[in-house]
1. Return the pair list, or none, for Cβ contacts closer than 8 Å from residues in the range 31-55 that are free of Cβ contacts under 8 Å to residues at least 40 places away in the same chain to residues that are assigned to a loop (DSSP other than H, G, I, E, B) and surrounded by 13 or more Cβ atoms within 10 Å (Cβ to Cβ), at least 6 apart or on different chains.
2. Taking the conditions exactly as written (open to solvent by 90 Å² or more (accessible area, probe 1.4 Å) and either in contact with a helix residue (DSSP H, G or I) (Cβ under 8 Å, 6 or more places away or on another chain) or at pLDDT below 95 (or both)), does Tyr17 satisfy them or not?
3. Within the range 21-33, can you find the residues that are under 19 Å from Leu59 (Cα atoms) and open to solvent by less than 100 Å² (accessible area, probe 1.4 Å)?
4. Out of curiosity, is Leu64 open to solvent by 80 Å² or more (accessible area, probe 1.4 Å) and either among the charged types (D, E, K, R) or without any contact (Cβ under 8 Å) to a residue 60 or more places away in the chain (or both)?
5. Restricting to the range 34-46, what's the tally of residues that are under 25 Å from Ser56 (Cα atoms) and open to solvent by less than 80 Å² (accessible area, probe 1.4 Å)?
Amino acid sequence: MDFLIQLFAARLNELWYALPLIVAISIVYAGTRYEHADDILIGSFRSIVWICGFMSTILVLLWLVGLML
């Protein structure tokens, strides 16, 4: 278990690169769908939540598969 914590801590720095990328993708995607600033912010927030939720689901699934091996 201690090994998993050290591995996660070592990879945590790499996850910070995903945050600006997710925000940029969400804003651009929402900007192509809406014209008003309020709609763009709401749409980008929804996209951020969706992307983070999807990535978290995949992370948990891969972690569970790794435990079974």
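1. Ile40/Tyr34; Gly43/Tyr34
2. On the way: open to solvent by 90 Å² or more (accessible area, probe 1.4 Å): yes; either in contact with a helix residue (DSSP H, G or I) (Cβ under 8 Å, 6 or more places away or on another chain) or at pLDDT below 95 (or both): yes.
Taking the combined requirement at face value, the residue satisfies it.
3. So the first thing to find is which residues in the range 21-33 are under 19 Å from Leu59 (Cα atoms), and the list is 21-22.
Ile22, the sole residue that qualifies.
4. Numbers: open to solvent by 80 Å² or more (accessible area, probe 1.4 Å): no; either among the charged types (D, E, K, R) or without any contact (Cβ under 8 Å) to a residue 60 or more places away in the chain (or both): yes.
No: the conditions fail for Leu64.
5. Step one: of the range 34-46, the residues under 25 Å from Ser56 (Cα atoms) are 40-46.
Then keep just the ones that are open to solvent by less than 80 Å² (accessible area, probe 1.4 Å); that gives 40, 43-44.
The qualifying residues number 3.
The values are calculated or read from the model by the stated rules, or taken from the named source; none is laboratory data. None of these values were measured; they are calculated from a predicted model. Backbone-built Cβ (ideal geometry, glycine too); neighbour counts: all protein chains shown. Note: accessible area is taken over every heavy atom of the protein model, side chains too, but ligands, DNA and RNA are not part of it. Shrake-Rupley method; radii C 1.70, N 1.55, O 1.52, S 1.80 Å.
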